[in-house]
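No lab work stands behind these numbers, since they all come straight from the coordinates. Bear in mind the structure is a predicted one, so any value in this text is a computation, not a measurement. Here Cβ is always computed from backbone atoms with ideal geometry, including for glycine, and neighbour counts include all displayed protein chains.
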Amino acid sequence: MQAAATGTLVSSGESIQAALDAAPAGGTVLVEPGTYLENLTFRGKDVTLKSTGGPSVTLLDGGGVAPAVRFTGGETRAARVEGFTIRHGGRGPAEWPYPEGAVWSWYADPSIVGNVVEQTRLCGGGAIYAEFSAPLIENNIIRDNAVDGCYYPYGGGISIQGDDNPGIPLIRGNTIERNKQHNGGGIGLYAAGRVRIEHNIIRDNEAIGGEGGGIALVNANAVELVGNLIEGNNKAAIGGSLPSSLPGEGLGLNVVNNTIVSGGGPAIDLWYAAPVQIAGSALVAGAGSPVLRCRGPLPDPWGMTDSLVWNGRSAPLYEGESGPCGVAPGAGGVVDADPAFVAAGSDFRVRPESAAVDAGYPVGDYWLTATDLAGAPRVTDGNGDGVARIDMGAYETGPGGTSPPGAPEALQLRKSGSSITARWSPPAYNGGAAVTGYEVTLEPGGRFLTLPAGTTTATFSGLSRKTTYTVTVRAVNSAGAGAAATASIRL
């Protein structure tokens, strides 16, 4: 451990905890590449803990016995963990308040930014587990975490439980995928109060026996769901309950500019619900399922405007015990139509002919983000009628119906000695404008190539043996870089 110009530098084999303990409030601890088997605690200090090489080469391993990182002393957003792969958290020590997960927050408001959080066996909460806390959880990949035999848990990737904090938890810009929990495979909110969930990709998560494959809600929540893609999760994409009998202001669910594609069951399935407001969203259910299901005594219909609903007309659009909970197509700008995704199941932007283009809800600044989920400008004139209007869903069509291309096809990797060669085919969908080139990245290492449109191969040399490399290829047109094709290979 040594002093650096920007803080304390920790090298492989040294103690991160010792550096945290020695750092002053407001200080920075920089961690060099390596694997660190530690169970860290910030002890109430607002310190920045950051890797120098990024998540692909810097691992915090909790050993499966306790969280790898804990915030338990009233830390603020100035307490930050950034740039690590954080794995093998656990439940421990076995004493109140029973910390668990890979990253655990108790009455604190930390910033958890730019990490990969994975491979943790869960109990009552998620891999990132915040109790009575208001964290910033931003730009992380949270994947492959699973419950291990516990009762009544909520949230596989992220769990926010308890609302004894004046702050607002913000979950923004994360990819939350392949997590398993009894309720809320991706995210679980339990009496969490006001929470904002913005610009996340929540996909392929699983609720085991419970509700809400993507997101599960229970008890008093005031949820702001803005600009997310929720797709491929089992059961209903959003499920649970929002009791209207509990005290509080603004309780309910606001679904604004989201694309929600259920992997099984309705897009939204709630019981005993406080008010639900849906605006500017594209909601798709599986064959034979209603798009919306509302159960129990609740306000019917839910508020709904300028949104697309679709289940292939294989079942009634809405189902409710006290009446249909949705707004009939043709009223309030609600459209019953195939969304015309670029590639169903993989690319959820819409084609220029989609009914979602320039048909969304003109939300105010509080709900409007400057870009869509892919980073494209929002709002544009997508249908070329001279009037810029937001699209339904999480993505925006570019001016005149252009958008970045689809993903390149048939990406293959071959290895030879210390080199990897990538080959691919042009995307099937060019976004309405000619492909002008390709962007190719290699991780670990951060290598980046720009290639002309006619080149569909790239070779990276001088690589390390016994290392797994990932190549990502994106096609580019006048609207920007498109969807990614990704493949990995081990040298």
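Points worth noting:
- Phi angles across the range 71-80 convert, under the Karplus curve 6.51 cos²θ - 1.76 cosθ + 1.60 with θ = phi - 60°, into 3J(HN,Hα) values of 10, 9, x, x, 4, 9, 4, 6, 7, 9 Hz, Gly and Pro given as x.
- Label separation (residue 94 vs residue 328): 6.1 nm, computed from points 7 Å beyond Cα along the C-beta direction.
- Residue 241 long-range amide H proximity, modeled H, under 5 Å: 217, 218, 219, 271
- J(HN,Hα) series, the range 440-448, from Karplus relation 6.51 cos²θ - 1.76 cosθ + 1.60, nearest Hz, glycine and proline x: 10, 10, 10, 10, x, x, x, 6, 9
- Placing pseudo-labels 7 Å out from each Cα toward the beta carbon at residue 412 and residue 277 gives an inter-label distance of 5.3 nm.
- Surrounding net charge for residue 57, when Lys and Arg each add one and Asp and Glu each subtract one, Cβ distance under 10 Å: -2
- When the helices of the chain are scored as -39500 (n - 2.57) per DSSP H run of n ≥ 4 and the total is divided over every residue, the value at 222 nm lands at -500 deg cm²/dmol.
- Put the Cα centre of the range 69-145 next to the Cα centre of the range 378-423 and the gap is 33 Å.
- Partner lysines for residue 466 [C-alpha distance under 25 Å; skip if fewer than 8 residues away on the same chain]: 415
- Estimated at 0.36 nm per residue, the fully extended path between residue 52 and residue 419 surpasses their Cα-Cα distance by 129.6 nm.
- Rg over Rh [alpha-carbon atoms, Kirkwood Rh] for the range 120-350: 0.94
- Taking other residues whose beta carbon is less than 15 angstrom from the beta carbon of residue 313, and scoring Lys, Arg as +1 and Asp, Glu as -1, yields -3.
- Gain in span if fully extended, residue 76 to residue 448, counting 0.36 nm per residue against the direct Cα distance: 130.4 nm
- Estimated FRET transfer efficiency (residue 337, residue 387; beta-carbon r; R0 30 Å; 0.05): 0.90
- For the chain: rounded, prolate or oblate by the Cα gyration tensor [a/c cutoff 1.5]: oblate
- Formal net charge of residues neighbouring residue 116 (Cβ-Cβ distance under 13 Å; K, R +1; D, E -1): -3
- Segment residue 365..residue 43, full-extension length gain: 112.1 nm, with 0.36 nm per residue of separation and the alpha-carbon distance subtracted.
- Couplings 3J(HN,Hα) for the range 467-476, derived from phi with the Karplus relation 6.51 cos²θ - 1.76 cosθ + 1.60 (θ = phi - 60°), are 10, 8, 10, 10, 10, 10, 10, 10, 7, 10 Hz, where x marks Gly and Pro.
- Cα centre as origin, Lys/Arg/Asp/Glu Cβ charges: the chain dipole, Debye: 1400
- FRET efficiency estimate (nearest 0.05) - Cβ-Cβ, residue 295 to residue 468, R0 51 angstrom: 0.65
- Efficiency of FRET between residue 439 and residue 21 - r from beta-carbon atoms, R0 51 angstrom, step 0.05: 0.75
- A straight Cα-to-Cα reach below 23 Å connects residue 180 with the lysines 235, residues fewer than 8 places away in its own chain not being considered.
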